[in-house]
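See structure below.
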Amino acid sequence: MAADLRADTQATVAGDRYHLELGRAWDFLLPSGGVVMTAALRAAAAAVGDPAFKLLSATATFCEPIAPGPLVIEPRVLRRGGSAVQVRTALHAPGSLGCEVAATFARDRAGPDVIALPPPAVPAPADALDLAGPGASLTRLPFFANLDVRLAEGTPLWAPGFAAGPARHLRWFRYKVPQRDGATLDRLALPPIVDTMPAALSQALGPGEYRFYAPSVDLTLHVVDDTEREWLLAAATIGRARAGWATARIDVWDDAGRYLAFGCQTMYLRTLAGTPPTVDASGR
């Protein structure tokens, strides 16, 4: 049975602190940094206390890995203005450092409406290869058991047909338990989707003995629009991996071609097996 992101990241309040028991339903090897970020943002949104102010941008800085178990979440409103509210939130296990999330929540204002980045030409979800069906390699990770995943561009990682390619990987995602905020997709459901950028590095490396784990050092999200659709196209690109670190970006559209969000990330590359290779994917 698929997990419900909203239920799993909704903390209980006690004074000016929130408490959350984080389970294993959203694990890669440890809980998704995007899911941890969502939990912090839910407490931040509660501190804002006004649904007219929607998530505009946020950056999570991970001071140490977040393990399953009890967490303390402490949001603090830094500035409450007429157009935007800025919140800093600490999330940590008792006695540990955890992570800090700086976020801006803003209300809609009058301004230009410019469409600048068209969606890539990829198959629609119904026509794309299912990456999370029965027996698929993704289902070995609890995180992906909660999502419908289709391959939009690239090759199926670690499956027959997997081949090295450009440092880019595009997938369609849909929550099995819909994440709604009224009629629209919950903006706080975006961080877990954005936190899927390491796939672009796997695509560039191709098959081989080398395996890695890529915890987030930081994760940034900018949200520019809402959607009533459920399918999200996430286009992840690696800028460079070097000396045990990697930087990446991701762009998110819905299946109607509406641009919704942008994310970027610095990853800590931890070798799990093999020797780190040297690869030039720039001409692919």
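Tabulated data
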quantity	calculated
Pair A84, A124: separation of 7 Å Cα→Cβ label points (nm)	3.8
Region 242-259 - phi-based ³J(HN,Hα) in whole Hz, Karplus 6.51/-1.76/1.60, Gly and Pro as x	6, 6, x, 9, 8, 10, 8, 9, 8, 10, 10, 10, 8, 7, 9, x, 8, 6
Most mobile listed residue (E100, E64, E74) in the chain, GNM with C-alpha springs under 10 Å	E64
Computed [θ] at 222 nm, helices only, for the chain once each DSSP H run of length n ≥ 4 contributes -39500 (n - 2.57)	-3000 deg cm²/dmol
Peptides 166-172, 7-13 ordered by average Cβ neighbours within 10 Å, highest first	166-172, 7-13
Estimated dipole of region 45-157 in Debye, rounded to 20 [Cβ of Lys and Arg +1, of Asp and Glu -1, Cα centre]	460
Farthest toward positive dipole pole in region 78-218 [+1 Lys/Arg, -1 Asp/Glu at C-beta], among G161, S137, W172	W172
For region 117-152 versus region 1-71, the gap between their alpha-carbon centres in whole angstrom	24
Normalised contact order of the chain, rounded percent, pairs of Cα under 8 Å and 6 or more residues apart	17
Hydrodynamic radius of region 2-110 per Kirkwood, over alpha carbon pairs, in Å	14.0
Within region 1-37, trypsin sites (Lys or Arg not before Pro) in DSSP loop having at most 15 other beta-carbon neighbours inside 10 Å	R24
Separation of alpha-carbon centers, region 259-284 and region 155-203, rounded to whole Å	15
Most mobile of L272, L131, L151 in a GNM of the chain (Cα contacts under 10 Å)	L272
Relative counts (whole %) of C-alpha pair distances in the chain, using bins that are 10 Å wide	7, 29, 37, 21, 6, 0
Between 0 and 90°, nearest 10: helix 33-48 axis offset from the chain longest Cα axis	20
Simple Cβ-charge dipole of region 1-92, Lys/Arg +1 and Asp/Glu -1, about Cα centre, in debye nearest 20	360
Selection from H92, A183, L151 lying farthest towards where the dipole of region 81-204 points positive, charges on Cβ	H92
Dipole axis of the chain (+1 Lys, Arg; -1 Asp, Glu on Cβ), positive-most option in A236, Q265, A2	Q265
Net dipole in debye of the chain [+1 Lys, Arg Cβ; -1 Asp, Glu Cβ; about Cα centre; nearest 20]	440
Residue-count net charge about Q86 - beta-carbon cut-off 12 Å; Lys, Arg +1, Asp, Glu -1	+4
Vicinal HN-Hα couplings computed from phi for region 172-186 (Karplus, 6.51 cos²θ - 1.76 cosθ + 1.60; Hz; Gly/Pro x)	8, 10, 8, 5, 5, 9, x, 10, 10, 10, x, 7, 10, 4, 5
Rounded, prolate or oblate (a/c below 1.5 giving rounded, otherwise prolate when a/b exceeds b/c) for region 148-222 by Cα gyration tensor	prolate
Surrounding net charge for C99, when Lys and Arg each add one and Asp and Glu each subtract one, Cβ distance under 11 Å	-3
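No lab work stands behind these numbers, since they all come straight from the coordinates. Bear in mind the structure is a predicted one, so any value in this text is a computation, not a measurement. In this analysis, Cβ positions are derived from the backbone assuming ideal geometry, glycine residues included, and neighbour counts consider all displayed protein chains.
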